[in-house]
Structures are given as C-alpha cells and as structure tokens.
Amino acid sequence: MKRTVTFTLAAAASVALLPTLGFAQDAEPAVGVNAATDTVYILNSLLFLVGGFLVFWMAAGFAMLEGGLVRSKNVTMQMTKNIALFSLAAIFYYLLGYNLMYPGDGWSIDGVLGAFGTAGLEPVGVTAADADAYDYASTGSDFFFQLMFCATTASIVSGTLAERIKLWPFLLFTIALTAVIYPVQASWKWGGGFLDAMGFLDFAGSTVVHSVGGWAALVGALILGPRIGKYKDGRTIPMPGSNLTLATLGTFILWLGWFGFNGGSQLAMGTVGDVADISRIFANTNTAAAGGAIAALILTQILYKKPDLTMVLNGALAGLVSITAEPLTPSLGAATLIGAIGGIIVVFAVPFLDKLKIDDVVGAIPVHLFCGIWGTIAVVLTNPDASLATQLYSIVVVGLFTVIASGIVWFILKVAMGIRVSEEDEITGLDMAEMGMEAYPEFSKG
C-alpha cells in the first residue's frame, strides 16, 4: 500500500510541474481519450515488444542447439538455415500470413480462411484518437510479437531435417509454412476461428505452434529418409553432435526466451491482475522446465546407468512445451509435474522413433510434437473451462491439416527439384557441399 501511495504522489507532482518545466498541457483531453486508457495501451504494447524480443532470442537458442547437436561438417549449413528461415518468416508473414491469421471481420471463408492482404502499421506519430485499437495495443507491437511465434514454428523443422536436406528446398518450404500453413491453422484458434468458437484452449501454442512445427518436421523426415549409416542391421548408430557446450547454451537461451513466449501471451499488462498473472506464468514456465530436466536426468540414469546430457536438455525443452498450452492456471506443483511428464515422454520417444527408423537429428519431434500434444491435453487437469473432447478434436484437426498441407509441399519440392543432397555430398558434409565454407576449418573431419 505504501508503494502505491508514493507512486501516486510522485505522479501527481510530475503532472503539476509540467507547466513549470515548459511542457504544455491540453485543457481538455480528446473525446474517448483518457490517461487510464493511455496507460493500458502503453503497457500492453510494451508487453508485446519485450515479449517479442525475448521470443526473437529463441532464434539464437535454436541455432546454438542445432549447431551443437549436428556434426561439425554440417554446422555452417545449420547456421545459414536458421538466419535465413527467420528472415523469410519476417517477410512472408508480413506479405500474407498476418492477415490470414488475424482477418478481423474480413474472413474469406468465415472462421476457416482468413483475409488475403499485406499487414499495415499505424501511421507515424499516430494519436490516441486515431490508433487502430486504442483500448488494446499498437498494431506494430502486435505484429512484431505474433511474427516471432511464426518464425519459431519454422525453426522447429530445421533441426529434425539436418545433415541431409538441400538448402533451397528447405527455404521454399519455410515460405509455405510461414505464409500459409501456420497462419491458416492459427487463425482457427487465435484469429477467432471455428476452433476458438468451440472452446479450444491453447494459451501460448502447445498445438498452434509446437505441434504444427513437429508435424511438419515429421512429414519431412518421412519423405526425406534417415541419414546414411544411421540405421544398420537393426541397430541405431550414434552420431554425436559437434559441441554439447553450444547445445547447452542454446537450451538456456530457449528457456529464457520462453518467458516472453508464455508471459507475453497473457496479452495484457494494464492491471494489477494482469501483472500478477504474468508473474505466475513466469514461475510456472520456469518450474515446468526444471521438472522436465530433472525427470530426464533421473530416468536416463535408471535406464542407461549414466545420465544423458542431450536427453536432459531436451527434457527441459519438453517441460517448456508441455506447459505452454496452459501456463496460468496450474499451481507450481502441478506445473512441475506437467513438465516432468514431458521429460519422461522425450526419454521414451527418442528411441521409439529410432525403432521406426525416423531420423530426428535434434529430437524436435518428441519435444515439440509429442509434448505439444501432451501439453494440450494437460490443460483439462487445471483449467475447469477446458473440455477433453474439444482439446482432442482440435489436436486431430490441426494435425491432419498440417500433415496434408506439409506433405503436399514436400512432395512438390521433391518432384520439382529434389530435397535431398547426393550421397557423396552428405558424406563430405553440407558445409563444403552446399555452402563452400566450414564452421571449424581446423577440424574439418568431425
């Protein structure tokens, strides 16, 4: 209470001093404009901007994670893919994706297909009276925040298909994913489409973002096939990554970025309740990651007699994905358990995919697809507004759409230009074969 009074007195004193300091004051505010709404607009916009650049930092996390988990002869290729995919997402989400995802009243097919058009920002120096959504936030902050989620979806695909996919077909797929596939299905929930009308709950995107990236990666992996030598005589041949230090750094960066991912998805910071909820989301997001990491640590010790760092890293990410569908309503204990189950899922899912000869270089399918599904189902455990039937139906609808759409794009690319490098290039490494430069020239035969 004392802090509130102090702030109020300071604010009043500042307003009183404005004429003395030479700042003019309007005699009367414009119609419909008031200081309280100004504050809400400013704080909401600030939340989107801060949350957005935290999610942007996740792009660096994906790059470091993938750079550490691929072999040294393929690191430059992964770095190129990551910076290119983010740049393409930024352009094509602006050109097409944003309006498809948020059509407002301009649906092409009501509740199913959004509007075709290019995103536009508010004018320079816009006034409160002329703002697009004065009671909400600036258009630029909303666009910036939502773009980061779109780019994250594409980043998920990159790691799974590493070490054997050509650069340009991958980037063309990224355009299709970020311009059309992701925005269309996201509009069904976050754009006010038919899944939202049914009551589907996905707070920050366990299904809308993570499972979509996972489904697209799975279809690509099935069409692309495993790396040469990965599966031999019924055995899975380990192919250790080049730098577990980088992979660990990448995981911590992703962990940090997730506070923007989940916290920013509160979509409001203008009241005491909103800020309290954001802090609750931060705490639950953090403990879910910890639960996933510790569960993977203990389980790999039990199963393999030694802890597996790569599993622990993916366990932390699994916990983060698992809590993303509902980071607000769980208690700290429930959030820890939800994340821990995600960590357990990953430890069993990685060898399961290997049994099916589905080669996922970084474990993105278990983390983002399997745990995205788990997290979406787990919403019903803590949110009384959630319906299990609706959650399952939405998972299936989004999954079928993504699988079919991704499959069509991957198949067209395979027929039109080929998506896999030659056997010789794969053995040599994509750094030299596709890029002509090496990340570690002193140790080129990693």
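The values are calculated or read from the model by the stated rules, or taken from the named source; none is laboratory data. On a predicted model such as this, the values are computed, not experimentally measured, just so you know. Here the Cβ positions follow ideal geometry from the backbone for every residue, glycine too, while neighbour counts run over all protein chains shown. All accessible areas refer to the heavy atoms of the entire protein, side chains included, with ligands and DNA or RNA removed. Shrake-Rupley method; radii C 1.70, N 1.55, O 1.52, S 1.80 Å.
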Scan region 364-383 and give yes if some residue there is in a loop (DSSP other than H, G, I, E, B) and either of a type outside the set (Phe, Trp, Tyr) or over 15 Å from residue 285 (Cα atoms) (or both), otherwise no. yes
Mind telling me which of the residues 75, 126 ends up being open to solvent by 40 Å² or more (accessible area, probe 1.4 Å), of a type in the set (A, V, I, L, M, F, W, C) and either over 28 Å from residue 196 (Cβ atoms) or touching a Pro at 6+ places or on another chain (Cβ under 6 Å) (or both)? 126
Looking only at region 266-283, which residues are in contact with a helix residue (DSSP H, G or I) (Cβ under 9 Å, 6 or more places away or on another chain) and more than 18 Å from residue 382 (Cα to Cα)? 267, 268, 269, 270, 271, 274, 275
Do we have residue 271 as over 16 Å from residue 251 (Cβ atoms), among the hydroxyl-bearing types (Ser, Thr, Tyr) and at pLDDT below 95 here? yes
Within region 173-209, residues open to solvent by 10 Å² or more (accessible area, probe 1.4 Å) and charged (D, E, K, R) come out as 189, 196
Check region 26-41 and report whether any residue there is open to solvent by less than 60 Å² (accessible area, probe 1.4 Å), assigned to a helix (DSSP H, G or I), modelled with pLDDT of 90 or more and not basic (Lys, Arg). yes
Before we move on, is residue 226 open to solvent by 20 Å² or more (accessible area, probe 1.4 Å), modelled with pLDDT of 95 or more and assigned to a loop (DSSP other than H, G, I, E, B)? yes
Given the criterion among the hydrophobic types (A, V, I, L, M, F, W, C), touching a residue at least 24 places away in the same chain (Cβ under 8 Å) and open to solvent by 30 Å² or more (accessible area, probe 1.4 Å), identify the matching residue among 313, 317, 303. 303
Would you check if there is a residue in region 260-269 being of a type in the set (A, V, I, L, M, F, W, C) and over 26 Å from residue 38 (Cβ atoms)? yes
Output for region 411-446, where each listed residue is open to solvent by 50 Å² or more (accessible area, probe 1.4 Å) and closer than 19 Å to residue 217 by Cβ: 411, 412, 414, 420
One residue from 412, 419, 404, 395 being in contact with a Ser or Thr (Cβ under 7 Å, 6 or more places away or on another chain) and at pLDDT 95 or above: 395
May I ask you to say which residue of 359, 385 is in contact (Cβ under 8 Å) with a residue 12 or more places away in the chain, within 19 Å of residue 156 (Cα to Cα) and among the charged types (D, E, K, R)? 359
Looking across region 422-446 at residues that are assigned to a helix (DSSP H, G or I) and hydrophobic (A, V, I, L, M, F, W, C), the single one that is modelled with the lowest pLDDT is 443
Could you pull out the residue among 290, 217, 221 that is open to solvent by less than 10 Å² (accessible area, probe 1.4 Å) and farther than 30 Å from residue 143 by Cα? 221
Residue in region 241-255 that is in contact (Cβ under 8 Å) with a residue 24 or more places away in the chain, farther than 17 Å from residue 400 by Cβ, touching a helix residue (DSSP H, G or I) at 6+ places or on another chain (Cβ under 6 Å) and of a type in the set (Phe, Trp, Tyr) present: yes
For residue 232, only one of the following conditions fails: (1) over 19 Å from residue 325 (Cα atoms); (2) open to solvent by less than 50 Å² (accessible area, probe 1.4 Å); (3) over 15 Å from the mean Cα position of the chain (by Cα). What is its number? (2)
Name the helices (runs of 4 or more DSSP H) wholly inside region 142-212 in which the number of residues that are closer than 17 Å to residue 66 by Cβ is 2 or more. 167-176
Subset of region 90-108, residues in contact with a helix residue (DSSP H, G or I) (Cβ under 7 Å, 6 or more places away or on another chain), open to solvent by 40 Å² or more (accessible area, probe 1.4 Å) and closer than 15 Å to residue 152 by Cα, comes to 92
Has region 244-264 got any residue that is assigned to a loop (DSSP other than H, G, I, E, B), under 24 Å from residue 153 (Cβ atoms) and either at pLDDT 95 or above or open to solvent by less than 30 Å² (accessible area, probe 1.4 Å) (or both)? no
Select from region 234-243 the residues that are of a type outside the set (S, T, N, Q) and either on the phi < 0 side of the Ramachandran plot or in a helix (DSSP H, G or I) (or both) and list them in ascending order. 235, 237, 238, 239, 240, 241
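Here is a yes/no grid of residues against (1) over 30 Å from residue 268 (Cα atoms); (2) modelled with pLDDT of 95 or more; (3) of a type in the set (A, V, I, L, M):
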position: 304; (1), (2), (3): yes, yes, no
position: 312; (1), (2), (3): yes, yes, yes
position: 316; (1), (2), (3): no, yes, yes
position: 335; (1), (2), (3): no, yes, yes
